1. Residue-wise, which Karplus ³J(HN,Hα) couplings in Hz belong to the stretch 201-215, taking 6.51 cos²θ - 1.76 cosθ + 1.60, θ = phi - 60°, and x for glycine or proline?
2. Assuming 0.36 nm per residue, please report the length gained on full extension of the stretch Glu114 to Ser138 beyond their Cα-Cα distance.
3. May I ask you to derive the FRET efficiency for Gln56 and Arg182 from their Cβ-Cβ distance with R0 = 22 Å, giving the value to the nearest 0.05?
4. Expected output is a single nm value to one decimal: the length gained when fully extending between Asp156 and Ala102, i.e. 0.36 nm times separation in residues minus the C-alpha distance. What is it?
5. To the nearest Å, what is the center-to-center distance of the stretch 142-215 and the stretch 60-123, using C-alpha atoms only?
Amino acid sequence: MKTYFALFALTCLVAIGFGCSQSANNSSYNGMNHNANMPMNHNGMSSNEMDHSMMQSSPNASSAPYDLQFLDTMIAHHRGAVDMAGPCSTKAQHAEVKTLCANVISSQQKEIDEMRSWRDKWFPGAAPAMNMDMAGMSGSMMGMDMKKLGTLSGNDFDLEFIREMIPHHEGAVTMAKEALQRSTKDEIKTLANAIIKAQEAEIKQMKEWQTAWAR
């Protein structure tokens, strides 16, 4: 009986150890510490806990291949948009803003997943290469103020959201246009064209709403 209980205890310890190991492996993405230079996924941390404007470049990011820099940087940029759009469903007044936010979350999360799969395929195990110095990145993140958005609702929320999201979108367009010139991957160029088309249209919409709803 003692031998049985000893074997049972050993089995439990091994299972617990394996579970911890799995959790540790799943906490990073290809060696990326999500707490270090990139905001966590929208589902992992509330928007009010993040300050995207204080993000810093990954160590030695500028020396990484351009396509790796683009993927890591655009993933971080997209996360910012997803996080900003999250509160719209309960805080926005206008149906147009709620619809825009739902589209941002859906489309940009899909693109994040796509970019992650490319990173796995092209740069397995590579160190993080998120570069705040990439064209369009720093300025578009500096204008994000999640704490201020969290204090607003109704039309005030809508106008502040638009004020922050327009330069954020403009930054993504700038990054995408650079990718058309510098990327060596057709997949990234196709994505860049899609980002330019979608976000330029959304910028135009938001500017029209901004004029119509301004007090």
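1. 5, 5, 4, 4, 4, 5, 5, 5, 5, 4, 5, 6, 9, 4, 9
2. On the way: separation 24, 0.36 × 24 = 8.64 nm, distance 2.30 nm.
Extra length available between Glu114 and Ser138 comes to 6.3 nm.
3. On the way: r = 22 Å, r/R0 = 1.02.
So, using R0 = 22 Å, E works out to roughly 0.45.
4. Numbers: separation 54, 0.36 × 54 = 19.44 nm, distance 1.89 nm.
So the extension gain works out to 17.5 nm.
5. With the stretch 142-215 and the stretch 60-123 each reduced to a Cα centre, they are spaced 11 Å.
Values quoted throughout were computed directly from the atomic coordinates according to the rules given, and no laboratory measurement underlies them. All of these numbers come straight from a predicted model, not from anything done at the bench. Here Cβ is always computed from backbone atoms with ideal geometry, including for glycine, and neighbour counts include all displayed protein chains.
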